[in-house]
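Peer 1: I am attaching a structure below and will ask some questions about it afterwards.
The values are calculated or read from the model by the stated rules, or taken from the named source; none is laboratory data. On a predicted model such as this, the values are computed, not experimentally measured, just so you know. Cβ placement follows ideal geometry from the backbone for every residue including glycine, while neighbour counts extend to all protein chains displayed. Protein only, heavy atoms only, side chains kept; ligands, DNA and RNA dropped before computing areas. Shrake-Rupley method; radii C 1.70, N 1.55, O 1.52, S 1.80 Å.
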Amino acid sequence: MRKRIRNFIQNISLPDGDFSEQKFKYFTMIGVIALVIVTIGNILIRENWLEIVALILTETAAPAVMLISLKKGKIQMGGVLIAVSMIFFILPVAFFFGGGLTGCVVSWYVFSYLFIGLILEKKQRTLMLILLTITVIASYISGYFWPFLVIEHDRFTWFMDSLLSVLVVSYTVYLMIVFQNQLFIRENQRSQQQALEIEALNRSQNRFFSSMSHEIRTPINTIIGLNEMILREDVSDEVAEDARNIQSASRMLLSLINDILDMSKMESGKMEIVRVSYDTGKMLSELVNMIWGRANEKGLKFVIDVDPYLPAQLFSDEVRIKQILINLLNNAVKYTEKGQISLSIHCRRTTKGKVMVTYQVEDTGMGIKSESIPYLFDAFKRVDEEKNRYIEGTGLGLSIVKQLVELMGGEITVSSVYTKGSTFTVSIEQETVDEEVIGEFAPEKYHRGREKSHYQQRFEAPEARVLIVDDNRANLMVASKLLRDTKVQIDTAESGEQCLKLTMQNHYDAIFMDHMMPEMDGVECFRRLREQTGGLCQNSPVIVLTANADSENRSLYKKEGFDAYLLKPVDGTALEDTLQPLLPPELVIAGEAADTAYGSDAVVRQIRRKAAIMITTDSVSDLPEELIRSMNIRVLPYKVVTGEGIFADGTEAKGDAVLRYLADQRTKARSESPEQTDYEAFFARQLSDAQYILHISMAKKSSKGFNNASEAALAFYNVRVVDSGHLSSGMGLMVMEAAKEAASSNQDIKVLSKKLAAMRDKIQTSFIVDNTEYLSRSGRLPLWIHKACSTLMIHPVMVMKDSAMTVGGVVFGNSEKSRKTYIRKTLRGVSGIDTETLFITYAGLSEQELEWVKKEAESIMHFEHVYLQSASPAISINCGPGSFGLIFKRRNSHEG
């Protein structure tokens, strides 16, 4: 029976069709067949003719709908049409004309739920199931309350119809489930087969790339090596220029090959991270040597800013970190036509023995459009193709960088202002080796310049004897020539077997061994060399020459015991630097290294330490200048718009000056927040001095500043905007607290943002308005209310509530009496006041009036620090002269 069912399923299914198509076709056909059987049974038991006609119509229409849906590729639409016909036609007819609960309809309800659940998807399935449920409930209610609507069966018809429907529906459901399982099994087998094919393809691809790497690096090694020999000679300027161009083109080709190989490894999951102890100063110096030349050629300044507290030794994958930074720095040089590129390195302790190292690469290039940033790290994707069509590259670099950073458990982010420049930031947690720090970074302290006006060998060792083993004669020639000026005695071997013969006859002070050789590779030769009975080189240092210095091979070389490895194509300087410390000291005569070729302004070293978090705010925060300077708070001015022009709040326009201007009732002035572009430029400038920016804005319901700043912050990964919920010095109090917190070590910007949000309810901001005329002129108060307040000597008290300024109360009387009442009610009416700081922020008060206000306040409560602060034009324009506010913190936001 099972075999027949399986054959039947295989015959009617679509072996190569879509999974959904197979289900739709089979379930529809099996349903139609079931209906045909039921129709025949109904005719035999003389069922109601209306039910029989309805069944025949369905048996005709369903296959037609199925065929059209398959042909048009509209499976879901076909399923919906069949479901609708069942819900609103077949099932109601079967219920009311087929005996109700004494007929077959209950079994077909079950079939309908199953059909809809298996065929339809998402919203269509949900909608049809709801409609089906409504139809079922409505049918039962109708049959219960209005039984005369249902044509009931006699006992014989009831039992026969029920038996037939139970058997047909049960087998139908059984066949549907069997078919579904068969489909799943088949799809699983197909997926497994595809996985095996993909794995085989990956293995084949890896073998190809590995072979390609070796085969391509061999001729490049010859080109670069012989080209370096030309550069060492005393040749004409034209020949030297041609040689440098050859060298540059060869390096670019090598870079492209490395990118393709790395992408292949990542896609196949073969890329591994190998952590070793490395010297941070030496690594950074090598980066400078590689980048400064390219930057100098384009007339760019190269700025390097290294945290003096960066550990001198770290434990991580030096090769991959260097690769990440080279990619980012090369990109910066590539896309910058004028200005500078900079590399900043900062660190902070995370846990004992670990630091979070942040590498930041900035440029003044063309920048990146905000809509392009989400696609920036896609492989083979180059954003803004129209502008970048003449810039070389594959589009793989940033994709590789992102994957390497994530593989190391780090994070990479980008912020950019289009046409202004970009900033890439990489954060990677690394282990410390000891407590020594790098101090003041000087590249020449670690490494000599790569480009020299005249080549000079690192050392001479005429008594030293070296063996070079490589199956490629061109590689042997290149290595021999690159070592020629060191005067070492060089022998060569073209195979592992020849190497072992020579080591039986001669002692070599060092051996260079190629890895990939036919018959006997370098690793096998190395093992035999160490175990060679009677051999003269069992303890000689061996340097492996390889075209594949990936993590797997590096681990292999370390495990096998090689003394060092060199990556092909071999650089003459690297060859000498690797060989010199491995030779016996008594055989080495140190040479005079050529001077470093850094121009006086080619590399700018900065020893300043970037702030971990910088607090920024708007000029409407009404803070004293001395506090702004001492706390290193950066301020962006609001705009004061008058009939005379637009002025910067606080610098070009002061509060008192604006009030004098407004004394003429014919004049008008208003305060405007900076635009989004103003905030973007402001944030970009401040990020040169900080790793993160926390910007505290005026209450979002009182100004557009918060929204504009938030939109601008989207262009930067490391800028956060906090709604202070206040204005004037209430906002300034939050800024002060934020600056104090940011100054503490290891502060996290997310934690600090939450602290400030919790502080919002603890700040008390209020102002008493002496004259409502200015509120009326600014449109915040109707004219008739202003006139009433003036007549009745009513003085509104404005308070901050839910990020908006509102009237919190009124006081009556002349100026002195109303001010005294306001001071008393404000300081005595609020419990739990923090007496550390009180701001008396004013507009248009004389020194005598200010001293009186201060004296009145201190007679009620003593504060450690009382600041008399002139209000910004934004406050003065609305409140008018004679107004002032008492602004302070409460110890608990639930008090008062």
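Peer 1: Quick check: pseudo-label points 7 Å beyond the Cα along Cα→Cβ at ALA138 and SER846, how many nm apart are they?
Peer 2: In this crude label model, ALA138 to SER846 measures out at 8.5 nm.
Peer 1: So how much slack lies between GLU197 and LYS820, counting 0.36 nm per residue of separation and subtracting their Cα-Cα distance, in nm? Don't jump to the answer; show the numbers that get you there.
Peer 2: Values: separation 623, 0.36 × 623 = 224.28 nm, distance 8.75 nm.
Full-extension gain reported as 215.5 nm.
Peer 1: Run the helix sum for the chain: -39,500 (n - 2.57) per DSSP H stretch of 4+ residues, divided by residue count, reported at 222 nm to the nearest 500 deg cm²/dmol.
Peer 2: -16000 deg cm²/dmol
Peer 1: Dividing the alpha-carbon radius of gyration of the range 83-239 by 2.2 N^0.38 Å (N being the number of residues), what value is obtained?
Peer 2: Against the empirical 2.2 N^0.38 Å value, I get 2.36 for the range 83-239.
Peer 1: Report relative contact order for the range 75-132 in percent, whole number only (criteria: Cα-Cα under 8 Å, sequence separation at least 6).
Peer 2: Details: 36 pairs, mean separation 25.2, N = 58.
After rounding, I find 43 percent.
Peer 1: Hey, another quick one. For the range 323-377, take the convex hull of the Cα atoms, compute a quarter of its surface area, and give me that in nm², please.
Peer 2: Values: hull surface 20.3 nm².
Value for the range 323-377: 5.1 nm².
Peer 1: Same structure, new question: Take every DSSP beta bridge whose two residues both sit in the range 690-841, then give the antiparallel share in percent to the nearest 5.
Peer 2: Roughly 70 percent of the DSSP beta bridges within the range 690-841 come out antiparallel.
Peer 1: With the other protein chains left in place, how much accessible area per residue, in square angstrom, belongs to the range 483-525 at a 1.4 angstrom probe?
Peer 2: Computed with neighbouring chains in place, this is 44 Å² per residue.
Peer 1: Of the chymotrypsin sites (Phe, Trp or Tyr not before Pro) in the range 30-122, which ones lie in a loop per DSSP and count no more than 10 other C-beta atoms within 10 Å? It would help to have the intermediate numbers written out before the result.
Peer 2: Values: sites: TRP49, PHE88, PHE89, PHE95, PHE96, PHE97, TRP108, TYR109, PHE111, TYR113, PHE115; in loops: none.
Hits after loop and neighbour filter: nothing returned.
Peer 1: Mean projection of the alpha-carbon convex hull of the range 275-358 over all orientations, in nm²? Provide the component values of the computation, followed by the final result.
Peer 2: Values: hull surface 21.7 nm².
Average projection, Cα convex hull of the range 275-358: 5.4 nm².
Peer 1: Per residue, how much accessible area does the range 15-122 show when a 1.4 Å probe rolls over the protein heavy atoms, in square angstrom? Could you put the intermediate results ahead of the total?
Peer 2: Values: 4830 Å² over 108 residues.
I get 45 Å² per residue for the range 15-122.
Peer 1: Apply 1/(1 + (r/R0)^6) to the Cβ-Cβ distance of PHE315 and VAL751, taking R0 = 25 Å, and write down the FRET efficiency to the nearest 0.05.
Peer 2: Numbers: r = 28 Å, r/R0 = 1.10.
Taking R0 as 25 Å, the efficiency between PHE315 and VAL751 is 0.35.
Peer 1: Subtract the Cα-Cα distance of ALA743 and LEU67 from 0.36 nm times their separation in residues, and report this length gain in nm to one decimal.
Peer 2: Extra length available between ALA743 and LEU67 comes to 236.1 nm.
Peer 1: On to the next question. Mind jotting down the distance between the C-alpha centroids of the range 78-126 and the range 618-639, whole Å?
Peer 2: After rounding, the separation between the Cα centres reads 71 Å.
Peer 1: So, one more: What's the ranking of 55-66, 174-185 by average number of surrounding C-beta atoms within 10 Å, highest first?
Peer 2: Those peptides, ordered most packed to least, come out 55-66, 174-185.
Peer 1: Right, something else. Under a point spin-label approximation (7 Å from Cα along Cα-to-Cβ), what is the ILE273-ASP521 distance to one decimal in nm?
Peer 2: 2.7
Peer 1: What list of ³J(HN,Hα) values in whole Hz, one per residue of the range 104-111 in order, does the Karplus curve 6.51 cos²θ - 1.76 cosθ + 1.60 (θ = phi - 60°) give from phi, with Gly and Pro shown as x?
Peer 2: Per-residue couplings from phi come out as 9, 5, 4, 5, 6, 4, 4, 4 Hz.
Peer 1: Turning to a different aspect of this structure: For PRO674, what charge total do you get from the other residues with a beta carbon under 11 Å from its beta carbon, if Lys and Arg give +1 and Asp and Glu give -1?
Peer 2: Counting the neighbours of PRO674, the net charge comes to -4.
Peer 1: Here is a further query. Excluding ALA332 itself, what net charge comes from residues whose Cβ is under 9 Å from its Cβ, given Lys and Arg +1 and Asp and Glu -1?
Peer 2: Combined, the nearby Lys, Arg, Asp and Glu give -1.
Peer 1: Continuing with this model, one more query. If you roll a 1.4 Å probe over the chain with all protein chains in place, what percent of the accessible area is carbon or sulfur? Mind showing how you got there, number by number?
Peer 2: On the way: 23440 of 43450 Å².
Accessible surface attributable to carbon and sulfur in the chain totals 54 percent.
Peer 1: Restricting to Cα pairs below 8 Å that are 6+ residues apart, what does the relative contact order work out to for the range 93-164? Please round to a whole percent.
Peer 2: On the way: 55 pairs, mean separation 37.9, N = 72.
That works out to 53 percent.
Peer 1: When only Cα pairs under 8 Å and 6 or more residues apart are kept, what is the percent relative contact order across the chain?
Peer 2: Dividing the mean separation by the residue count of the chain yields 8 percent.
Peer 1: Let me ask something additional. If I model a spin label at LEU536 and LEU101 as a point 7 Å from the Cα along the Cα→Cβ vector, what separation in nanometres do I get?
Peer 2: 10.7
Peer 1: Could you do me a favour and compute the accessible area per residue for the range 629-714, 1.4 Å probe, result in Å²?
Peer 2: Numbers: 4460 Å² over 86 residues.
With all protein chains present, the range 629-714 gives 52 Å² per residue.
Peer 1: Say R0 is 41 Å: what FRET efficiency, to the nearest 0.05, do ALA648 and THR351 get from their beta-carbon distance? Provide the component values of the computation, followed by the final result.
Peer 2: Details: r = 45 Å, r/R0 = 1.11.
Efficiency for this residue pair is about 0.35.
Peer 1: Per residue of the range 41-46, in order, report the coupling 6.51 cos²θ - 1.76 cosθ + 1.60 (Karplus, θ = phi - 60°) as ³J(HN,Hα) in whole Hz, putting x for Gly and Pro.
Peer 2: Calculated HN-Hα couplings, in order: x, 5, 5, 5, 9, 6 Hz.
Peer 1: Report the far tail of the P(r) of the chain, meaning the percent of Cα-Cα pairs longer than 44 Å.
Peer 2: 58
Peer 1: List, in the order given, every pair from LYS668/LYS700; LYS801/LYS889; LYS301/LYS369; LYS301/LYS334; LYS298/LYS338 whose Cα-Cα distance in the structure shown is over 18 Å.
Peer 2: Those over the limit are LYS668/LYS700; LYS301/LYS369.
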